[in-house]
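The values are calculated or read from the model by the stated rules, or taken from the named source; none is laboratory data. Remember, predicted model here, so these are calculated numbers, not experimental data. Methodologically, a virtual Cβ is constructed for each residue, glycine included, from the backbone with ideal geometry; neighbour enumeration extends over all protein chains shown. Side chains are part of the model used for accessible areas, which takes the heavy atoms of the whole protein and leaves out ligands, DNA and RNA. Shrake-Rupley method; radii C 1.70, N 1.55, O 1.52, S 1.80 Å.
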Amino acid sequence: MLREESGQSTVELALAMPLVLCVLVGAVQFALVHHAQHVAATAAAEGARLAAGERHTLVEGAVRAHELLEAGLGRQAAGFRVSATRRAGSVAFTAGGSYPLFIPWVREIGIPVEATAEVRREGFRSGP
């Protein structure tokens, strides 16, 4: 009776392993995209915060946002863009792009990541 079941665990492993690997790859990809979303949100907020300062410009804020994207995403930051707009009393920054999948045979496909931050501009009055 034992001889009839000698390859059963091997067959079960062969059937279950692709499913386990797909779940594992999906979890890692989800974590990487979540990280990219967090980096984009931080870059947009930091760029807007810097540009909202009294002595800084939109260009300085955009440069800072690009620096943070490169520090957090590495080579993938090349596919991201930063746009800035100055409104009446605030500064708004948007950082976004396409984050590529790390699966070798579908690297052309990217997941869109975008974040926007708006910060009120500083303005100090002289006098009492």
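The table below lists the values:
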{"item": "Share of Cα-Cα pairs in the chain lying beyond 17 Å, as whole percent", "result": "65"}
{"item": "Rounded FRET efficiency, nearest 0.05, which uses the C-beta distance separating residue 102 from residue 71 and R0 of 22 Å", "result": "0.70"}
{"item": "Length-normalised contact order for the range 1-77 - Cα pairs under 8 Å, 6+ apart - percent", "result": "23"}
{"item": "Relative contact order (%) - criterion: Cα under 8 Å, at least six apart; region: the range 34-128", "result": "32"}
{"item": "Full-stretch length increase - residue 60, residue 23 - with 0.36 nm per residue and alpha-carbon distance subtracted", "result": "9.1 nm"}
{"item": "Simple Cβ-charge dipole of the chain, Lys/Arg +1 and Asp/Glu -1, about Cα centre, in debye nearest 20", "result": "740"}
{"item": "Fully extended contour minus Cα-Cα distance, from residue 30 to residue 122, at 0.36 nm per residue", "result": "29.4 nm"}
{"item": "Extreme residue, positive dipole direction of the range 28-128, given options 44, 92, 71 (C-beta unit charges)", "result": "92"}
{"item": "Principal-axis tilt of helix 8-51 within the chain, Cα atoms, nearest 10 degrees", "result": "0"}
{"item": "Lys/Arg +1, Asp/Glu -1 at C-beta; the chain dipole; positive extreme among 101, 53, 33", "result": "53"}
{"item": "Per residue, in Å², the accessible surface of the chain once ligands and nucleic acids are set aside, probe 1.4 Å", "result": "70"}
{"item": "In nm, spacing of pseudo-spin labels at residue 38 and residue 10 (7 Å Cα→C-beta vector)", "result": "4.4"}
{"item": "C-alpha long axis of helix 58-73 to longest principal axis of the chain, angle in °", "result": "20"}
{"item": "Carbon and sulfur %, accessible surface of the chain computed with the full protein complex present, 1.4 Å", "result": "61"}
